[in-house]
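A quick write-up on the structure given underneath.
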Amino acid sequence: MSIGSDLAEVVCRLAGGINCEDWAKAIRLGFYLICAISGRTDGAVPETGMKRDEDGGYSSAMRDFWENALISDGLAFESVEVIPFDAEDAALEKRDDSDPKLLARIHFSGLVDSETGKKHEIIANHFEGNNTVLHLPGLDQQALASRDLSKRVGAAGFKISYTTRVQSLLTRSHQQEMSGFVASAWAIAAENYRLEDYIGFAETDHSANFYYRIIPELYGFGLNYESVDICGGMASLL
């Protein structure tokens with residue numbers, strides 16, 4: 001945990017939740033997605049069958065990959081679409097020259113939480129180095145459906161940055177259990193501590209499947225890259 005202010009709790013309320021328990025449901029859904037991709041990862045590269053340097057091809061392959069993964073795992077959704085981006089603009093928007101290159105941007109529209117029936121909008125930004133940032137821009141799906149989610153906005157929201165390592169061996173039921181546990185633990189920490197970032201990893205048989213960081217953003221919520229290793233202490237693991 002990164003402790004110093006009550007930023008996570010503040011964002012929970014500003015971004016449409018009564019408390020962080022409301023947001024925990026969306027966070028849990030985000031971890032369902034992470035489990036879906038980590039369970040279909042060959043080494044550290046998703047099995048899309050598409051080289052990453054083919055212009056446009058990787059985005060389409062990732063869209064198909066995600067759609068098939070959601071269907072296979074029984075997750076209901078309205079659509080999975082590629083969000084086009086200009087490579088030069090994406091390079092100029094980097095916060096740091098060392099940030100990895102953006103490879104694909106995928107929008108999950110109307111992704112249904114099976115426990116609540118609530119629909120969510122989530123965007124996955126895939127970067128070089130097996131890094132992905134999930135953007136959870138809000139809890140009001142109806143309002144979000146009419147907004148251009150590809151643009152930075154002066155609002156609050158949450159992100160989950162993660163990086164995959166080895167193929168997850170967790171069963172679907174264990175994935176759901178783990179996702180719920182992480183989301184609940186995060187909500188409790190946000191409500192009871194001065195929580196900012198929440199960092200951790202999932203492992204099976206002493207091998208890390210993926211590392212993650214749950215990030216609250218108060219202003220300028222956008223689609224930029226966020227490192228999992230915010231404090232530098234995970235460098236030897238990543």
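The values are calculated or read from the model by the stated rules, or taken from the named source; none is laboratory data. Every value quoted in this text rests on a predicted model; they were computed, and no experiment measured them. So basically every Cβ, Gly included, is an ideal-geometry build from the backbone, and we count neighbours across all protein chains shown.
This table checks each residue for (1) on the phi < 0 side of the Ramachandran plot; (2) touching a helix residue (DSSP H, G or I) at 6+ places or on another chain (Cβ under 9 Å).
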| residue | (1), (2) |
| --- | --- |
| Glu88 | yes, no |
| Ala91 | yes, no |
| Lys94 | yes, no |
| Leu102 | yes, yes |
| Ile106 | yes, yes |
| Val112 | yes, yes |
| Lys119 | yes, yes |
| Ile123 | yes, no |
| Gly129 | no, no |
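Evaluate segment 134-150: report whether one residue or more is at pLDDT 90 or above, in a strand (DSSP E or B) and under 18 Å from Ile214 (Cα atoms).
Yes, segment 134-150 contains a residue that is at pLDDT 90 or above, in a strand (DSSP E or B) and under 18 Å from Ile214 (Cα atoms).
Since Ser60 meets every condition but one in (1) touching a strand residue (DSSP E or B) at 6+ places or on another chain (Cβ under 7 Å); (2) assigned to a helix (DSSP H, G or I); (3) at pLDDT 90 or above; (4) crowded, with 17+ Cβ neighbours inside 10 Å, which condition does it not meet?
The one condition Ser60 does not meet is (4).
Within the set of pairs 6+ apart or on separate chains, which have a first residue in segment 85-100 that is closer than 11 Å to Asn125 by Cβ, a second that is surrounded by 11 or more Cβ atoms within 10 Å (Cβ to Cβ) and among the aromatic types (Phe, Trp, Tyr), and C-beta atoms under 9 Å apart?
From residues that are closer than 11 Å to Asn125 by Cβ, the pairs are Pro100/Phe127; Pro100/Tyr225.
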